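A short reminder: the numbers here are calculations on the coordinates, not readings from a lab. Not measured: the values here are computed from a predicted model. Every residue, glycine as well, gets a Cβ built from its backbone with ideal geometry; the counts of neighbours run over all protein chains shown.
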Amino acid sequence: MVKHGLHISQICDILLQRGIISEEQRQLILTEQDAQRKKLEKIYEISEQTGSTASYEILPSDIIVSLNLTCHENGLEEILTEEKIMREVAEGLGFAFKKIDPLELDLDVVTKTIPKNFAIKNLAVPIAIENGELKVAMVDPLNDELLHDIKRVSNLKITPVVSTKSDIVKLIREFYGFKRSIVLAEQELVSPLVDLGNLEQYAKLKSVTEIESTDKHIKNAVEYLFHYALEQRASDIHIEPKRDSGLVRMRIDGILHNTYSMPRVVHNAVISRIKALSRLNIAEKRRPQDGRLKLQRQDQDAEIRVSTIPVAFGEKAVLRILNSSILFQNLEELGLSPYDLIQFHNFLEHTHGIILVTGPTGSGKTTTLYSALRFLSSPEKNITTVEDPIEMVCEDFNQIAVQSAIDITFSTILRNILRQDPDIIMIGEIRDHETAQHAIQAALTGHLVLSTLHTNDAASSITRLIELGVEPFLISTTLIGIIAQRLVRIVCPHCEETYALSGADLWRLGIDVSFKHEVQLKRGKGCRVCRQTGHLGRQGTFEVLTVTEDIRKLIDQKGAAEAIKKSACQQGMKTLRENAVAKLLKGITTHHEVLRCTTKES
């Protein structure tokens with residue numbers, strides 16, 4: 001067992017001095033520590049036998065956390081977590097605390113400085129080299145013997161920072177496991193004879209400990225990527241070939257982050273493994289291919305849409321991760337204003353007609369449509385969708401995938417759908433005259449049709465339908481309403497700060513407001529949780545156009561989009577920009593996001 005310089009009594013004294021625990025709680029910890037240690041040892045023993053965890057030492061912080069104590073901070077009662085304990089201990093001892101973010105770390109620094117067994121035994125990992133100093137994350141910064149050993153091995157000056165045991169263990173598993181898989185795979189792939197895996201459509205992810213030593217190295221590396229992407233809430237994984245290497249990037253909250261770099265030969269094998277999992281042709285490297293697979297991770301399912309395409313240095317793969325908890329939301333959670341939510345509910349109460357959702361790629365249209373379909377779904381209704389491709393498989397709907405090779409297109413399949421006695425039809429996108437005509441015909445014959453268009457705002461959708469060759473009187477007869485939308489990033493609640501701006505300041509920034517007085521806005525300073533971006537998560541901002549009698553008259557007269565928009569605004573419609581500004585004034589988002597996602601005219 002490792003002998004630490006930091007004892008449980010010392011930790012208790014620091015927490016007591018900093019007002020985190022009471023004297024009664026301190027006495028409880030010291031009294032119960034031996035009994036709790038024995039309980040934890042039994043739990044660890046069972047976990048090791050079942051293979052669900054590796055062998056790590058029981059620390060004082062483990063014992064304190066196991067007692068489920070509460071602490072008071074800022075007038076609120078909170079559970080005393082491992083992170084809270086170690087953060088307070090670090091500050092009490094005069095050390096920096098580091099919440100480890102793997103996206104910030106260099107794979108080689110972590111894995112090449114000290115061996116994995118040494119890192120496991122001592123719960124210490126290198127996280128950065130700055131100005132000739134090695135920064136090491138540790139649970140015990142007072143362990144001078146350990147610091148001396150690391151200095152001797154690395155031949156660098158050591159700067160200890162305090163981290164939690166759980167963060168360090170997770171980093172050891174993910175980084176050393178991924179690195180080992182990549183290195184062994186590179187060695188193995190020197191030979192042309194290599195098994196790239198079995199054809200699978202449904203893959204159940206094993207736990208991180210299960211994949212450390214039992215599977216082929218490429219399979220391990222791919223599973224580490226999937227684990228990490230799901231943990232980080234990534235929406236896309238980009239695996240890109242470079243001249244001498246492969247680069248892995250992940251899109252989190254709409255922003256791409258460099259994650260891993262791998263040897264070129266390993267990149268090719270990783271692409272082949274992903275193609276095999278998604279039932280693509282491994283031998284075909286000259287043409288784009290599309291596939292999908294479903295992952296089960298613990299009790300969470302995720303659908304992954306795979307697209308491969310040849311680029312200058314080889315094949316690039318983009319994996320879109322589709323999570324049912326994101327695609328299927330309550331309508332109240334989408335980000336609609338109370339007024340717009342009422343309008344949307346009114347749209348969905350119709351039994352026939354067309355509802356359009358518009359916006360560019362990545363603006364959240366699919367989430368809005370799927371959430372609406374889930375809201376409408378019931379045993380009494382037959383819901384049929386035509387998608388290119390199917391975003392998320394849902395048993396409540398009858399979903400049809402477009403397959404152009406066998407002439408299953410939006411327009412051709414709509415003729416057959418009408419013979420299937422549908423109540424509600426969702427068309428992935430209206431792209432051409434024929435699809436638009438069939439959608440109109442479905443609406444005229446008593447069906448509720450939901451679809452998307454790629455236009456910048458709601459009013460432009462009407463102009464677009466006319467450009468596709470649909471008669472204005474048919475549009476005015478069938479169109480119920482149009483929703484235009486964008487996604488804005490939300491201010492991180494963990495590092496938000498308040499600042500003041502006047503109406504004049506907002507005007508100079510390009511945001512027109514009707515007031516001149518000063519308002520209190522919010523922005524994120526940047527923290528470990530949001531990866532120093534100041535944003536955490538995204539929310540929709542909307543423009544909801546209800547087709548009223550006045551709007552119908554303008555459509556029949558082939559009125560310009562600007563005239564339709566002006567009339568809608570006079571009847572209560574708020575534009576994308578106005579709704580985004582409302583979120584800004586409520587402290588939900590920032591003025592940078594308002595300007596990025598909406599134009600002045602919208």
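For residue 529 and residue 68, FRET efficiency with R0 = 22 Å and r from the beta-carbon atoms, rounded to 0.05? Don't skip to the answer; put the middle values down first.
Working: r = 23 Å, r/R0 = 1.05.
Step by step, r from the Cβ atoms, then E = 0.40.
State the dimensionless ratio Rg/Rh of the stretch 462-594 (Rg: radius of gyration of Cα atoms; Rh: Kirkwood radius). Don't skip to the answer; put the middle values down first.
Values: Rg = 18.9 Å, Rh = 16.9 Å.
Ratio of gyration radius to Kirkwood radius for the stretch 462-594: 1.12.
Sort 590-596, 447-453 for me by packing, meaning the mean count of neighbouring Cβ atoms within 10 Å per residue, highest on top. Display every interim value, and only then the final one.
On the way: 590-596: 18.9, 447-453: 23.6.
Highest to lowest by the protection proxy: 447-453, 590-596.
Can you list residues whose amide H is under 5 Å from residue 532's amide H, if they're 5+ apart or on another chain and H is modeled 1.01 Å from N?
It is 527, by chain and number.
Hey, got the dipole for the stretch 271-391? About the Cα centre, +1 on K and R Cβ, -1 on D and E Cβ, debye to the nearest 20?
On the way: 15 positive and 14 negative charges, 180 e Å.
About 860 debye.
To make sure I understand the rule: partners must be lysines, Cα under 23 Å from the Cα of residue 586, and not fewer than 8 residues away in the same chain. Which ones qualify?
The qualifying lysines are 516, 522, 525, 574, 600.
Provide the packing ranking of 238-246, 538-546, i.e. peptides ordered by the mean count of other C-beta atoms within 10 Å per residue, highest first. Walk me through the intermediate numbers first.
Details: 238-246: 16.8, 538-546: 24.3.
Those peptides, ordered most packed to least, come out 538-546, 238-246.
From the backbone phi of the stretch 358-374, what are the Karplus-calculated ³J(HN,Hα) couplings (6.51 cos²θ - 1.76 cosθ + 1.60, θ = phi - 60°) in whole Hz, Gly and Pro given as x?
10, x, x, 4, x, 9, x, 4, 4, 4, 4, 5, 5, 5, 5, 5, 5
If R0 is 45 Å, what FRET efficiency do you get for residue 349 and residue 232 from their C-beta distance, rounded to 0.05? All intermediate terms of the calculation are to be shown ahead of the outcome.
Numbers: r = 39 Å, r/R0 = 0.87.
Efficiency computed from Cβ-Cβ geometry: 0.70.
Under a cut-off of 20 Å between alpha-carbon atoms, report the aspartates and glutamates in cross-link reach of residue 285, not counting same-chain residues fewer than 8 places apart.
195, 200, 240, 244, 315
Give me the number: length gained by fully extending residue 508 to residue 468, i.e. 0.36 nm times residue separation minus the C-alpha to C-alpha distance, one decimal in nm. It would help to have the intermediate numbers written out before the result.
Numbers: separation 40, 0.36 × 40 = 14.40 nm, distance 3.95 nm.
Between residue 508 and residue 468, full extension yields an extra 10.4 nm.
Which Cys residues of the chain have no other Cys Cβ less than 4.7 Å away and so no disulfide-compatible partner by this rule?
Those would be 12, 71, 394, 569, 597, since no other cysteine Cβ in the chain comes under 4.7 Å of theirs.
Can you figure out the FRET efficiency of residue 337 with residue 157, using R₀ = 60 Å and their beta-carbon distance, to the nearest 0.05?
Details: r = 56 Å, r/R0 = 0.93.
Step by step, r from the Cβ atoms, then E = 0.60.
Restricting to DSSP H runs of at least four residues, report the calculated mean residue ellipticity at 222 nm for the chain, -39500 (n - 2.57) per run over all residues, nearest 500 deg cm²/dmol. Display every interim value, and only then the final one.
Numbers: 23 runs with 234 residues, N = 602.
After summing the helix terms and dividing by residue count, I get -11500 deg cm²/dmol.
Quick check: pseudo-label points 7 Å beyond the Cα along Cα→Cβ at residue 131 and residue 421, how many nm apart are they?
Rounded to a tenth, the inter-label distance reads 7.7 nm.
Long-range amide H contacts for residue 589: which residues qualify at under 5 Å (H placed 1.01 Å from N, peptide plane, sequence gap of 5 or more or a different chain)?
491, 584
Mind ordering 559-567, 315-323, 577-585 by average Cβ neighbours within 10 Å, highest first? Provide the component values of the computation, followed by the final result.
On the way: 559-567: 17.6, 315-323: 20.0, 577-585: 21.6.
Ranking, from highest mean packing down: 577-585, 315-323, 559-567.
Based solely on C-alpha atoms, express the radius of gyration and the Dmax of the stretch 554-602 in angstrom.
Using the Cα atoms of the stretch 554-602, the pair Rg, Dmax is 13.3, 42 Å.
If you wrap a convex hull around the Cα atoms of the chain, how much volume per residue is inside, in Å³? Kindly include the intermediate steps, with their values, before the conclusion.
Values: hull volume 119.2 nm³, N = 602.
Hull volume over Cα atoms, normalised by residue count, gives 198 Å³.
Past the 23 Å Cα-Cα mark, which pairs from 294/381; 38/135; 39/121?
On the way: 294/381 27 Å; 38/135 34 Å; 39/121 21 Å.
Flagged as over cut-off: 294/381; 38/135.
Could you work out the relative contact order of the chain? I mean the mean sequence separation of Cα pairs under 8 Å and 6+ apart, divided by the number of residues, in percent. Mind dumping the intermediate values first?
Working: 1056 pairs, mean separation 50.8, N = 602.
Relative contact order here is 8 percent.
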